[in-house]
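*Asks:* I have a structure here, written as structure tokens, and I will follow up with some questions on it.
A short reminder: the numbers here are calculations on the coordinates, not readings from a lab. Because the structure is predicted, anything quoted here is derived from the model rather than measured. Reconstructed Cβ throughout: ideal geometry from the backbone, glycine too, with neighbour counts over all protein chains shown.
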């Protein structure tokens, strides 16, 4: 189980408690303000368990965001043109260059 320093309470609240009235002022459990009358605030343990369910997805999403930063990963248009030139026009240079770039980015932001 994760300790409080590893849990993104804001992300857990957003994912599992959308539509509920709450606020998150900081990174700690104590920074959550629960404003749902008659409904108890989720416990630290409940939120830690929910974090375990989503933390890998969050990690992979952050990697995907870094990889898709403009200028990092080749655009789909660039890849389509490179494939066209390689397959139809028998000119593989762009496709090879794009593949090299993709491998560099994957090495820079490994899963």
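*Asks:* Just need the Rg to Rh number for the stretch 59-111, please, alpha carbons only, Kirkwood Rh.
*Replies:* 1.06
*Asks:* Now a separate question. If contacts are Cα pairs under 8 angstrom and at least 6 residues apart, what is the relative contact order of the stretch 71-111 in percent?
*Replies:* 39
*Asks:* Ok, one more. Counting other beta carbons within 10 Å of each Cβ, put 105, 87 in order, fewest first.
*Replies:* Lowest to highest Cβ neighbour count: 87, 105.
*Asks:* If you don't mind, there's one more thing I want to ask. Could you tell me the relative contact order of the chain? Use alpha-carbon pairs under 8 Å, at least six residues apart, and round to a whole percent.
*Replies:* The normalised contact order for the chain reaches 21 percent.
*Asks:* Taking 25 Å as R0, compute the FRET efficiency from the Cβ-Cβ separation of residue 34 and residue 14 and round it to 0.05.
*Replies:* Step by step, r from the Cβ atoms, then E = 0.95.
*Asks:* Still on this structure, I have one more. Taking only the alpha-carbon atoms of the stretch 34-84, what semi-axes of the equivalent ellipsoid follow from 5 times the gyration tensor eigenvalues under a square root, in whole Å, largest first?
*Replies:* That gives 42, 12, 9 Å for the three semi-axes.
*Asks:* At a Förster distance of 35 Å, what's the computed FRET efficiency of residue 87 paired with residue 58, Cβ-Cβ distance as r, to 0.05?
*Replies:* 0.40
*Asks:* Using the Cα atoms of the chain, I'd like the radius of gyration and the largest Cα-Cα distance, Dmax, both in angstrom.
*Replies:* Gyration radius and largest Cα-Cα distance of the chain: 21.4, 69 Å.
*Asks:* OK, next. Classify the stretch 4-67 as rounded, prolate or oblate, taking a ≥ b ≥ c as the square roots of the eigenvalues of its Cα gyration tensor: rounded when a/c is under 1.5, otherwise prolate if a/b is larger than b/c and oblate if not.
*Replies:* Taking the square roots of the gyration eigenvalues as a ≥ b ≥ c, the stretch 4-67 is prolate.
*Asks:* Okay, moving on. Helix 93-108 versus the longest principal axis of the chain: what is the Cα-based angle in degrees, 0 to 90, to the nearest 10?
*Replies:* Tilt relative to the chain: about 30 degrees.
*Asks:* Ok, one more. Fewest first, what order do 78, 8, 57 take by the number of other Cβ atoms within 10 Å?
*Replies:* 57, 78, 8
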